[in-house]
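Worksheet: one structure, shown below.
The values are calculated or read from the model by the stated rules, or taken from the named source; none is laboratory data. Being a predicted model, the structure only gives us computed values, none of them experimental. Here Cβ is always computed from backbone atoms with ideal geometry, including for glycine, and neighbour counts include all displayed protein chains. With ligands, DNA and RNA removed, areas are computed over all heavy atoms of the protein, side chains included. Shrake-Rupley method; radii C 1.70, N 1.55, O 1.52, S 1.80 Å.
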Amino acid sequence: MNTMSVVTPLAGQVAVVTGAARGIGLGIARRLAASGADLVLSDLDVDALLGVEHALKQEFPVSVISCPGDLSREDVVAQLQTQSRERFGKVQILINCAGGGVIRPFLDHTAETLKATVDRNLWTVLWCTRAFLPEMLEAGYGRVINLGADSVRNGLWDHAAYNAAKGGVHALTSGLAREFATSGVTFNTVAPCAVATPQLIHFIETQPDLAQRFIDVIPMGRAAEIDEVASMVHYLALPESSFVTGQVISVNGGSSMQ
């Protein structure tokens, strides 16, 4: 009887996935594990993260460790990098998915909510990239994939502060891609529209009118599925994506078209 072999194009590679306890980050972690990558997971939610680690170890024949903490802090990111190196050696793939902003009208923000939005969405990416990039450059190979936001392009309601942070991520992508274009390390951002995560479901329940406005700007008339976003991230993590760098790729059902 013929059996299909499991395709594991990322076997032997190590991927750091931030924001991995739920939603898009969890979907990405599962997709990379299915392709054979060993995983270093991080998130603020310790209990949820440990649950994800256990579940992935049960489902896939890969090694997984959890390193929880606030990645907007340089010292916490240094600990993440140290634990990754001690367990696996060098990292080939960095997925900067940690984020989540305070979505509200701009003048309703406080100093605290503005800082939290920038910390979660921009500083996490800056510190993690700065920590893991040197070892990728030394190896002459790496994939840095950030999670951006399609709202940067379409100016979605109540997203000005969030877009400021995610816009910084988009700009960082192109800047690093240009600076290190011949290094063997690529830098790309996946920018989804509204995604059917537990957070969006909660938003629909608590602010249904505003949530519907977010869906209405999508010509396909629905939110993206987590797997649809994870699929694009997975492609950019593969060796065969070597000629794609400096791109902000929207997964958006047509809500912005360029």
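With Cα atoms as the point set, the radius of gyration and Dmax of region 148-258 evaluate to 15.0, 48 Å. Around the amide H of A191, modelled in the peptide plane, lie the amide H atoms of G148, I249, S250, V251, all under 5 Å away and 5 or more residues distant in sequence or on another chain.
For region 1-134, the calculated P(r), taken from all Cα-Cα distances in 10 Å bins from zero up to the bin holding the longest distance, is 13, 41, 29, 12, 4, 1, 0 percent.
Accessible surface for region 130-251, divided over its residues, is 46 Å² per residue with a 1.4 Å probe. Each helix, a run of at least 4 DSSP H residues, gives -39500 (n - 2.57); summed and divided by the residues of the chain, these come to -14500 deg cm²/dmol at 222 nm. Computed from backbone phi with θ = phi - 60° and the Karplus coefficients 6.51, -1.76 and 1.60, the 3J(HN,Hα) list for region 15-26 is 10, 8, 10, 8, x, 8, 6, 6, x, 4, x, 5 Hz; x is used for glycine and proline. Rolling a 1.4 Å probe over the protein chains gives R153 an accessible area of about 90 Å².
Could you pull out every one of the lysines with an alpha carbon less than 30 Å from that of K115, ignoring same-chain neighbours closer than 8 positions? Partners found: K166. In this simple spin-label model, placing a label point 7 Å from the Cα along the Cα-to-Cβ direction at both R222 and F243 gives a separation of 3.4 nm. Using a probe of 1.4 angstrom and keeping all protein chains present, the accessible surface of region 13-61 works out to 36 square angstrom per residue. With all projection directions averaged, the alpha carbon convex hull of the chain covers 15.0 nm².
Which of rounded, prolate, oblate describes region 44-88, given a ≥ b ≥ c as roots of the alpha-carbon gyration tensor eigenvalues and a/c under 1.5 marking rounded, otherwise prolate only if a/b is larger than b/c? Because a/c hits 1.5 or more and a/b fails to exceed b/c, region 44-88 counts as oblate. For the chain, carbon and sulfur atoms together expose 55% of the accessible surface, with a 1.4 angstrom probe and every protein chain in place. Using the Karplus relation 6.51 cos²θ - 1.76 cosθ + 1.60 with θ = phi - 60°, the per-residue 3J(HN,Hα) values for region 214-222 come to 5, 6, 5, 7, 9, x, 6, x, 8 Hz, with x marking Gly and Pro.
Take the Cβ atoms of F106 and E74, set R0 to 30 Å, and the FRET efficiency comes out at 0.60. In this simple spin-label approximation, A11 and A171 carry label points 7 Å from Cα along the Cα→Cβ vector, and these lie 4.4 nm apart. Under the simplified labelling scheme, the H54-Q207 pair shows an inter-label distance of 3.4 nm, with each label point 7 Å from Cα along Cα→Cβ. Let me make sure I get this right: for region 82-200, a, b and c are the square roots of the gyration tensor eigenvalues over alpha carbons, sorted descending. Under 1.5 in a/c it's rounded, otherwise prolate if a/b > b/c, else oblate. Which is it? Prolate, because a/c is 1.5 or more and a/b exceeds b/c. The distance linking region 37-69 with region 147-196 is 25 Å (Cα centroid to Cα centroid, whole angstrom).
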